[in-house]
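The values are calculated or read from the model by the stated rules, or taken from the named source; none is laboratory data. Remember, predicted model here, so these are calculated numbers, not experimental data. Quick reminder, even Gly has a Cβ in these numbers, built from the backbone with ideal geometry, and neighbours come from all protein chains shown. With ligands, DNA and RNA removed, areas are computed over all heavy atoms of the protein, side chains included. Shrake-Rupley method; radii C 1.70, N 1.55, O 1.52, S 1.80 Å.
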Amino acid sequence: MSQAIYPVRPEDAARAHVDAAAYERLYAEAAQDPDGFWRRQAERLDWTTPPTQIGDWSFDEADFHIKWFADGALNVSANCLDRHLATRGDDTAIIWEGDDPADGRRISYRELHADVCRLANALKAKGVAKGDRVTIYLPMIPEAAVAMLACTRIGAVHSIVFGGFSPDALANRIQDCDSRLLITADEGRRGGKRVPLKANVDAALAHCTSVDTVLVVRHTGGEVTMQPGRDTDYAEAIAAAAPDCPAEPMGAEDPLFILYTSGSTGKPKGVLHTTGGYLLWAAYTHETVFDYRPGEVFWCTADVGWVTGHSYTVYGPLANGGTTLMFEGVPNWPDHGRFWDVIDKHKVDIFYTAPTALRALMREGDDWVTRSSRKSLRLLGSVGEPINPEAWEWYHRVVGEGKLPIVDTWWQTETGGIMISPLPGATDLKPGSASKPFFGVLPQVVDAEGVVLEGATEGNLVLAASWPGQMRTVWNDHDRFFQTYFTTYKGKYFTGDGVRRDADGYYWITGRVDDVINVSGHRMGTAEVESALVAHAKVAEAAVVGMPHDVKGQGIYAYVTLNAGVEGDEALRKELVQWVRREIGPIASPDAIQFAPGLPKTRSGKIMRRILRKIAEGEVGALGDTSTLADPAVVDHLVANRVS
Ligand code: 6R9
């Protein structure tokens, strides 16, 4: 563990919204008088009906409910657009940087407002009403933000599906929330390659009956089949629509969006966020953690298909009247200097990315970075997985030239926004530590039995109180919401993460303690990959665990038992990798497949994942207690045939 400490720089403290003294004061206020605190904070949004009710929640089974600002009403698109028009209508809301460095656009608040209104009117003309679900399957192009905001304008609930997901994964997500309308593009572009989005949609819709309308953005101009009666050209649909559309006043607790995420069981969960609390959390954390001021260029590299793209590419920056950069491409194309070139090109002030990207770039040498100026940069951020101190130090020394603070932000799809993070003007930095909780966040470290551990300690991370940005339910499965998050430790929200707290009260996230693996900052449920594998005709059984991976953080290690008489060879291994990519998407590709005649099971038939994890990690000398195994010989075979 790194011992280094980087103190707050005086210039950061001087300019900051929140310095060290303010942090202590605001943290105490939010903990002692949450209603007073959040009533004041809610004033940063424009409400059509200001809330008088603030926090109203209980994590106890008998009275389980979570509400914030419940009697207030507001509209998210009005908060992200209309209220900025008078003061900064001509300011740039979105800078779009295409995959091809020659492609780009700048969109002002006024233009974005008009585009959003047109699409909102077009959606209404297609029969989309308040509460209806709209699936968005788009590349990182401005139309993705337009689509999100147009939904919020009329009270439709968006569900974005990452463009890297397969037709099957898309179909499951459409069906689960019963979307009526889908917005896609002909193709996406990534690293010079094309992603056949519309063709994937056609394949997905062969299994879904709920979608009756598809809007298709012509992005690459690639050839697509348009199904008459169902598919409409996006440009045509909005050309016919008026550039103003009243913003529907929404209850603070009305659904805003659904975002599917992996859990420890097979089926991805539809995480539901609501209107008031989510927007407040995204806006307030964006302003405070990045010490953001309008006029600065904020670049979050996350795709809008993930929660980070929702909160910090779109909602947080736009709610704050900021300039957000949307990037369609990848860090290593046309070459390994792309990130730094884009920073110079658009004079980016704040850069927010994932450790996996940093590790990949670090391997290519410093020259790619140092050939750029990066003098516009003021602050760096990290999100998605624990950042190892080596990557942190490289980010700090090479990218930030030893000067810029790094905010390592811990949070989850479920939390809506940043929960534990340094504040640049308030928190001394320790490489690898997400450091201190944000206002209103009450972390606790508990042991396996739920005993709260004090002081410097290590255990599981729970949150003892609700916060406005908290998810409200799992779409269509409120019981699963309660069971997943509130039963492991009664009366508390369980994060699924392990954590260490040091003597200074800094939190160090150690990674997932459940059956979720974090591949390049993307969550994969091991059960999802397992069910994809067993769907293959030659596979009898599969068990999937995480393994250490230099760039991805964690890789996917699959133990596969084949049907009797089937021979496991290199060709089948490749076939299975392709199969999983087709079933779920490229992010789920197994990094290692080990054919195993048997899996280690208890006498009651439970697979002992602890042992499989150790073997995948190469820690074969430390397998622990194997006495409860039904057949200990299985383990010797697995160890002897480990894939490295
Ligand atoms: C925002 C996001 C959530 C899981 C989370 C944890 C890991 C995220 C982290 C981090 C250590 C950080 N995680 N940020 N671990 N340090 N700064 O990534 O949401 O995709 O839902 O993933 O990611 O394990 O539980 P999501």
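The listed residues are Arg573, Arg581, and the only one of them that is touching a strand residue (DSSP E or B) at 6+ places or on another chain (Cβ under 6 Å), of a type in the set (Lys, Arg), in a helix (DSSP H, G or I) and open to solvent by 40 Å² or more (accessible area, probe 1.4 Å) turns out to be Arg573. Looking across the range 250-276, the residues that are part of a strand (DSSP E or B) and either in contact with a His (Cβ under 6 Å, 6 or more places away or on another chain) or of a type in the set (Val, Ile, Thr) (or both) come down to Leu256, Phe257, Ile258, Thr261, Val271, Thr274.
Answer yes if at least one residue in the range 543-552 is acidic (Asp, Glu), exposed (fewer than 13 other Cβ atoms within 10 Å of the Cβ), over 30 Å from Ala199 (Cβ atoms) and free of Cβ contacts under 8 Å to residues at least 24 places away in the same chain, and no otherwise. No, the range 543-552 contains no residue that is acidic (Asp, Glu), exposed (fewer than 13 other Cβ atoms within 10 Å of the Cβ), over 30 Å from Ala199 (Cβ atoms) and free of Cβ contacts under 8 Å to residues at least 24 places away in the same chain.
In this structure, Asp335 qualifies as over 30 Å from Arg512 (Cα atoms) and either more than 13 Å from the ligand (Cβ to nearest atom) or within 19 Å of the chain's Cα centre (by Cα) (or both).
Taking the range 186-206 as the range and being part of a loop (DSSP other than H, G, I, E, B), open to solvent by 20 Å² or more (accessible area, probe 1.4 Å) and farther than 26 Å from Lys269 by Cβ as the test, the residues that pass are Glu187, Gly192, Pro196. Please indicate, with yes or no, whether at least one residue in the range 299-307 is touching a residue at least 60 places away in the same chain (Cβ under 8 Å), of a type in the set (Asp, Glu) and assigned to a helix (DSSP H, G or I). For the range 299-307, residues touching a residue at least 60 places away in the same chain (Cβ under 8 Å), of a type in the set (Asp, Glu) and assigned to a helix (DSSP H, G or I): absent. Of the strands (runs of 3 or more DSSP E) lying entirely inside the range 40-106, those containing at least 1 residues that are under 25 Å from Gly440 (Cα atoms) are 55-58, 65-68. The set of residues in the range 157-185 that are part of a helix (DSSP H, G or I) and open to solvent by less than 10 Å² (accessible area, probe 1.4 Å) comprises Ala169, Leu170, Ala171, Ile174, Cys177. In the set Arg374, Arg397, only one residue is at pLDDT 95 or above, touching a helix residue (DSSP H, G or I) at 6+ places or on another chain (Cβ under 6 Å), more than 16 Å from the ligand (Cβ to nearest atom) and open to solvent by 10 Å² or more (accessible area, probe 1.4 Å); that residue is Arg374.
One line per residue, one yes/no per condition, for (1) buried (at least 23 other Cβ atoms within 10 Å of the Cβ); (2) aromatic (Phe, Trp, Tyr):
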{"site": "Tyr315", "(1), (2)": "yes, yes"}
{"site": "Met326", "(1), (2)": "yes, no"}
{"site": "Val330", "(1), (2)": "no, no"}
{"site": "Pro334", "(1), (2)": "no, no"}
{"site": "His346", "(1), (2)": "no, no"}
{"site": "Phe351", "(1), (2)": "yes, yes"}
{"site": "Leu358", "(1), (2)": "yes, no"}
{"site": "Arg363", "(1), (2)": "no, no"}
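Tallying residues that are more than 13 Å from the ligand (Cβ to nearest atom) and open to solvent by less than 10 Å² (accessible area, probe 1.4 Å) within the range 287-303 yields 6. So is Glu385 in contact with a His (Cβ under 6 Å, 6 or more places away or on another chain), in a loop (DSSP other than H, G, I, E, B) and either within 14 Å of the ligand (Cβ to nearest atom) or in contact (Cβ under 8 Å) with a residue 12 or more places away in the chain (or both) or not? So Glu385 does not fit the description; no. Within the range 410-420, no residue satisfies the criterion of being hydrophobic (A, V, I, L, M, F, W, C), touching a Lys or Arg at 6+ places or on another chain (Cβ under 8 Å) and near the ligand (Cβ under 6 Å from one of its atoms). Within the range 441-450, if we keep just the residues that are open to solvent by 10 Å² or more (accessible area, probe 1.4 Å) and part of a loop (DSSP other than H, G, I, E, B), the residue that is farthest from the ligand (Cβ to nearest atom) turns out to be Glu449. Among the residues of the range 25-77, those identified as loosely packed, with under 13 Cβ neighbours inside 10 Å and in contact with a helix residue (DSSP H, G or I) (Cβ under 8 Å, 6 or more places away or on another chain) are Gly36, Glu61. Would you point out the residue of the range 586-624, among those that are without any contact (Cβ under 8 Å) to a residue 24 or more places away in the chain, within 30 Å of the chain's Cα centre (by Cα) and assigned to a helix (DSSP H, G or I), that is surrounded by the fewest Cβ atoms within 10 Å (Cβ to Cβ)? Once the filter is applied, the top-ranked residue is Arg610. Among the residues of the range 511-527, is there at least one that is surrounded by fewer than 17 Cβ atoms within 10 Å (Cβ to Cβ) and more than 16 Å from the ligand (Cβ to nearest atom)? No - not one qualifying residue is present in the range 511-527.
Checked against (1) modelled with pLDDT of 95 or more; (2) farther than 21 Å from Arg581 by Cβ; (3) within 16 Å of the ligand (Cβ to nearest atom), Ala503 meets all criteria but (3).
Residue pairs whose Cβ atoms lie under 7 Å apart, separated by 6 or more positions or on different chains, with the first residue in the range 118-133 and basic (Lys, Arg) and the second in a helix (DSSP H, G or I), are Arg118/Ile238; Lys124/Ile154; Lys130/Ile154; Arg133/Cys177.
Which condition number does Thr209 fail, the rest of (1) more than 23 Å from Val307 (Cβ to Cβ); (2) open to solvent by less than 40 Å² (accessible area, probe 1.4 Å) being met? If we test Thr209 against (1) more than 23 Å from Val307 (Cβ to Cβ); (2) open to solvent by less than 40 Å² (accessible area, probe 1.4 Å), just (2) comes out false. Being within 16 Å of the ligand (Cβ to nearest atom), crowded, with 21+ Cβ neighbours inside 10 Å and among the small types (Gly, Ala, Ser): is that true of Gly469 here? The answer is yes for Gly469.
Quick grid of which residues meet (1) surrounded by 22 or more Cβ atoms within 10 Å (Cβ to Cβ); (2) of a type outside the set (S, T, N, Q); (3) closer than 23 Å to Pro34 by Cβ; (4) within 12 Å of the ligand (Cβ to nearest atom):
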site: Asp408; (1), (2), (3), (4): yes, yes, no, yes
site: Pro422; (1), (2), (3), (4): yes, yes, yes, yes
site: Ala426; (1), (2), (3), (4): yes, yes, yes, no
site: Ser433; (1), (2), (3), (4): yes, no, no, yes
site: Val452; (1), (2), (3), (4): no, yes, yes, no
site: Val474; (1), (2), (3), (4): yes, yes, no, no
site: Gln483; (1), (2), (3), (4): no, no, no, no
site: Lys490; (1), (2), (3), (4): no, yes, yes, no
